[in-house]
Amino acid sequence: MIYPFIRNTLFHFEPEAVHHFSMNMLHAACSTGLVKNLIQQQFIVQHPSLERNILGLHFKNPVGLGAGFDKNAAYLNELEALGFGFVEIGTVTPKGQPGNEQPRLFRLPEDKALINRMGFNNEGVEAVKSRLVKWNHFRSTSLDKRMIIGGNIGKNKVTPNAEAWKDYEICFEELFDVVDYFVVNVSSPNTPGLRELQEKDSLKKILSQLQEINYSKTVRKPLLLKIAPDLTEHQLKDIADLSFEVKLDGLVATNTTIAREPLSPVSKLKCESIGAGGLSGKPVTAKSTAIVKYLSEQTGGKIPIMASGGIFKAADAIAKLEAGASLVQVWTGFIYEGPAIVKNICNGLIKA
């Protein structure tokens, strides 16, 4: 009940600064075992009906945090305390890069939405790997408590598309032993030319190369593809076909949209001054759900789907699951609903 007041106060300040401030405060709280235990007692929900066995992995619940929130795997201990079933770190690139110029994150509270043009800002694969090695040393080995970690990988801004496959290969090799699954990100609208890699031939080259490495390992890792909500039906069908061709383990649907509909007049006016960036939150809900349903139908339900886009309440998660998703990811909803979002969604799923 107190979070709306806290949110309204924090919304008076610059979004990216608030993000770091809030997570650093949570980090300070969780650095003490007693306080972390109290936080876990408040937010973690455990129930057999929440558990999922997907991608050859055991998820303690189906509610995860999408990529872009914890880009550098810096807050896994804190996110675990909030009850997330899984967290997708990244997007990680071979070399660290600052991303686009600030400001690059904007709120549209009238529509419970965000616009971001972060540009894959991250510390680089070596720094992220180092943190994950430490995390894996201390993480719980108990299946009913273990938080699954996904690695979302991308290319550096300066890497030409013709050589993009090399960047994905570097990140895949470096993170292979420290994440549970991989997501190939070619759908962010904030790296120039990146979405061109969603075309079938370009995608096939990247995914085939990664699967060749993957199948050479003693134990391979699940490989998923994250797609944009702005693809045509023809492009979506190509991706569904390619999923079988390269033996993808799953799809993440969807990333942010470059569209600016549907938005309130107030938000549309703000968008004129904000400019470019990917829109996320409530305005993406319907489009994302429709794509999940389409892909589920096109693949005959044989390719697991992680649904992302406009998930705020249990009802949103249920709609995605009914459309054919196996798991759900929150991001913008986490900002607007607060730290109890996983708890509330899980409780809603138990009652459903």
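Taking N as the number of residues in the chain, what is its alpha-carbon radius of gyration divided by 2.2 N^0.38 Å?
Here the Cα radius of gyration is 0.92 times the empirical estimate.
Just the number, please: carbon plus sulfur as a percent of the accessible area of the chain, 1.4 Å probe, no ligands or DNA/RNA counted.
For the chain, the apolar C and S fraction of the accessible surface comes to 57 percent.
Over what distance in Å are the Cα centres of the stretch 276-310 and the stretch 128-163 separated?
Their Cα centres are 23 Å away from one another.
Show me the GluC sites (Glu not before Pro) within the stretch 138-218 that DSSP assigns to loop and that have at most 16 other Cβ atoms within 10 Å of their Cβ.
199
Treating cross-link reach as a plain straight distance, find the aspartates and glutamates whose alpha-carbon is under 17 Å from the alpha-carbon of residue 166, omitting any fewer than eight places away in the same chain.
Straight-line reach from residue 166, under 17 Å: 126, 174, 196, 201, 212.
So which residue, out of 227, 44, 305, gets the largest mean-square fluctuation from a GNM of the chain using Cα contacts under 10 Å as springs?
Of 227, 44, 305, the most mobile in the Gaussian network model is 44.
For residue 108, what residues show an amide H to amide H distance below 5 Å, using hydrogens built from the backbone and excluding near sequence neighbours?
113, 114, 115
What trypsin sites (Lys or Arg not before Pro) in the stretch 277-352 are in a loop by DSSP, with at most 10 other Cβ atoms within 10 Å of the Cβ?
302
Using just the helices of the chain, give the 222 nm mean residue ellipticity in deg cm²/dmol: DSSP H runs with n ≥ 4 each add -39,500 (n - 2.57), and the total is spread over all residues, rounded to 500.
For the chain, the value works out to -12500 deg cm²/dmol.
How large is the Kirkwood hydrodynamic radius of the stretch 93-188, counting all unique pairs of alpha carbons, in Å?
In the stretch 93-188 this quantity evaluates to 15.1 Å.
Given a Förster distance of 41 Å, report the FRET efficiency between residue 130 and residue 297 from their Cβ-Cβ distance, rounded to the nearest 0.05.
Plugging the Cβ-Cβ distance into 1/(1 + (r/R0)^6) gives 0.45.
Spelling out what I want: for every residue of the stretch 220-225, take phi, set θ = phi - 60°, compute 6.51 cos²θ - 1.76 cosθ + 1.60 (Karplus), and round to whole Hz; glycine and proline get x.
Going residue by residue, I get 7, 10, x, 10, 10, 10 Hz, with x marking Gly and Pro.
Would you mind calculating the gained length between residue 139 and residue 313 on full extension (0.36 nm times residue separation, minus the Cα-Cα distance), in nm to one decimal?
Length gained, residue 139 through residue 313: 59.8 nm.
With every protein chain present, what is the per residue accessible area of the chain (1.4 Å probe, Å²)?
Counting only protein heavy atoms, the per-residue value for the chain is 43 Å².
The values are calculated or read from the model by the stated rules, or taken from the named source; none is laboratory data. None of these values were measured; they are calculated from a predicted model. A quick note on method: Cβ atoms are made from the backbone with ideal geometry, for glycine too, and the neighbour counts reach across all protein chains shown. Only protein heavy atoms, including side chains, enter the accessible area calculation; ligands, DNA and RNA are left aside. Shrake-Rupley method; radii C 1.70, N 1.55, O 1.52, S 1.80 Å.
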